[in-house]
Amino acid sequence: MHYLANNESLLFYLKQDYNEMNNIFYEETEISQHLLALIQSNLGKANERIRNARK
């Protein structure tokens with residue numbers, strides 16, 4: 001999960017932490033960076049589609 005407003009990222013291992021109490025974003029850096037890159041890429045694509053639709 002990534003909050004754009006405050007640039008905060010959260011990652012939870014729901015199998016063991018179903019209450020989302022332990023943010024492991026900074027512990028699992030490889031996974032975190034991969035997921036954050038996917039979010040940013042898809043957000044960029046969505047923004048591009050919106051800009052193109054307004055033309």
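The values are calculated or read from the model by the stated rules, or taken from the named source; none is laboratory data. Treat the numbers as computed from the prediction; the structure is a model and nothing was measured. Note: ideal-geometry Cβ built from the backbone for every residue, glycine included; neighbour counts use all protein chains shown.
Worth a mention:
- Here residue 26 fulfils each of the conditions (1) surrounded by 11 or more Cβ atoms within 10 Å (Cβ to Cβ); (2) in contact with a helix residue (DSSP H, G or I) (Cβ under 9 Å, 6 or more places away or on another chain); (3) not polar (S, T, N, Q) apart from (1).
- Check on residue 5, hydrophobic (A, V, I, L, M, F, W, C), free of Cβ contacts under 8 Å to residues at least 12 places away in the same chain and not in a helix (DSSP H, G or I): yes
- Scanning the stretch 8-52 for residues that are among the polar types (S, T, N, Q) and part of a loop (DSSP other than H, G, I, E, B) yields 16, 19, 22, 23.
- Pair list, Cβ < 9 Å and 6+ apart or interchain, from the stretch 27-49 residues that are on the phi > 0 side of the Ramachandran plot to residues that are hydrophobic (A, V, I, L, M, F, W, C) and at pLDDT below 95: none
- Candidates 16, 33, 40: the one that is loosely packed, with under 10 Cβ neighbours inside 10 Å and not β-branched (Val, Ile, Thr) is 16.
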